[in-house]
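To start, the structure itself, in structure tokens.
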Amino acid sequence: MAGGRNSSHRLDNRMWVRARYVVPLCGPPIKHGAIRIERGRIREIISSKKKPADGPDVDFGSAVVLPGFVNAHTHLELTHLAGRVMPGADFTDWLRRLMREFSADARLAESAGECVEDRFAASAMEGMRLSLAAGVTLVGDVTSHCAAVREALSHGPLRVVSFGEVIAIGAIRGRLADRLQIALDASSVSETLSIGVSPHAPYTMESDGISTCVEMAGERGLPMCMHLGETRDEVEFTLEGTGAFRAYLEGMGLYDSLIQCPKLSPGSYADRCGVLSARTVLAHGNYLSDAEVELVALRGAHVAYCPRTHAAFGHEAHPYEKMLAAGVNVCIGTDSLASNPSLSVLDEIRFVRRGSDSIEGVALLEMGTIRGARALGMGDECGTIEVGKRADLCVVPLDGDGASDPVENMLASTHAPIATFVGGERLKRTRSA
Ligand SMILES: [Zn+2]
């Protein structure tokens, strides 16, 4: 079981969570912070050294209480690929190796008389467990196995916006209607799981297909996710129709003469298809030009920067600071364990911190919490420690008392979160099955 709930902290549904610091991210750090939780929501935030008289309390001592982390872009169903597909400088080579692993898994499942969908669902459940253990309480999760994965994840406790992935190009463009129907299936929607649509990327979708996804998502008021501007090769493909992605599609037997080159940069192409709006999370955005960044800002689309995946593929420096300056809502994603060593947003933030001191620690934490919540349409419900919001929290130990700056202290350390709360309930730590 992933993240079972600890009944000892459910007394009356009312409790206090205390620590040396509460970092609410909607205001300055609160020393000797105490948060009163009732019926799953934050009711009061005070500074007090004393044990509160009204209700049970958990005192974490020398630690920081933060809003639960938000992983704006991941693929939990690929958790079982950890260590099996190493990223490298050649992105399409990595894609081919990924496809080979999928085929090997399908053969294994078949020979064992198992359903391959169940394997992806089990993998997603392990991803949920790892996410919660890393203090992540909300994810934007892309899935190609919607029915099984959504059913598995729908029972919580992790909050999931499940983007159904649509791939339909060239020889498989006829799959569009089927794939879209599967992606839009809302039968597993629950208190913790909602759905969205993900036209995968400019090199796996054609403009008609992308526009249809936008239309269907718009009619239903659903959020969207699209991989965009991830590689230089993608820019060549949308501008010229040539290069590594053309070769990739030809090698897969998918390329045909009906595939039209848009002759536009990825950002302009996505805009022409209607993708750029406040309902869309753009995964990566590594190679968006200044003009495209302005366009993304103008349309209000969000960008999920995936720092360690970005580094593992050896990309040029990510323009996230330029994006923030332009007014783009930049959030943090881990991407999947097929390209990243963990599902921890805190690990991503610490990685960025080690490579740059030009951005404030608090700004990085915002990218890993409230900005991600906004990108997933849940900024009013979570992402900060604020009265009225859901009590989704994570607790990270300090080195010493952290008196000079609790945020920088916590980012400079390597301590993993010691507790995660979702909707006011503290999750029990569980080991992998
Ligand atoms: Zn991705």
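General remarks:
- Eligible aspartates and glutamates near Lys263 by straight Cα distance, threshold 16 Å, same-chain separation 8 or greater: Glu206, Asp208, Asp233, Glu234, Glu236, Glu240, Asp271, Glu292
- Between Met252 and Asp208, full extension at 0.36 nm per residue minus the direct alpha carbon distance yields a gain of 13.7 nm.
- Taking 17 Å as the straight-line reach from the Cα of Lys31, the lysines in range (excluding those fewer than 8 positions away in the same chain) are Lys49, Lys50, Lys51.
- In Hz, Karplus ³J(HN,Hα) per residue of region 217-224 (6.51, -1.76, 1.60; θ = phi - 60°; x = Gly, Pro): 5, x, 4, 9, x, 9, x, 10
- Listed residues Ala416, Cys394, Leu427: farthest to the positive end of the dipole of region 380-433 (Cβ charges): Leu427
- The magnitude of the dipole of region 244-302, with charges of +1 and -1 set on the Cβ of Lys/Arg and Asp/Glu and taken from the Cα centre, is near 140 debye.
- The angle between the Cα long axis of helix 345-355 and the main principal axis of the chain comes to about 80°, on a 0 to 90 degree scale.
- Dipole magnitude for region 70-375: about 340 debye, using +1 per Lys or Arg Cβ and -1 per Asp or Glu Cβ, origin at the Cα centre.
- Å² per residue, accessible surface of the chain at 1.4 Å: 39 Å²
- Over all other residues within a Cβ to Cβ distance under 15 Å of Arg272, the charged ones net out to -3, with Lys and Arg as +1 and Asp and Glu as -1.
- For the chain, averaging the sequence separation of C-alpha pairs within contact (under 8 Å, six or more residues apart) and dividing by the residue count gives a relative contact order of 23 percent.
- Ranking Ala325, Ala171, Gly55 by Cα position along the charge dipole of the chain, where only Lys, Arg, Asp and Glu carry charges on their C-beta atoms, puts Gly55 farthest toward the positive end.
- Of all accessible heavy-atom area on region 73-184, the percent that carbon and sulfur account for (1.4 Å): 56 percent
- Within-12-Å neighbourhood charge of Thr334 [Cβ basis; K, R +1; D, E -1]: -3
The values are calculated or read from the model by the stated rules, or taken from the named source; none is laboratory data. These numbers come from a predicted model, not from an experiment. We place every Cβ from the backbone using ideal geometry, glycine too, and count neighbours over all the protein chains shown. The area values use the complete protein model at the heavy-atom level, side chains included, leaving out ligands, DNA and RNA. Shrake-Rupley method; radii C 1.70, N 1.55, O 1.52, S 1.80 Å.
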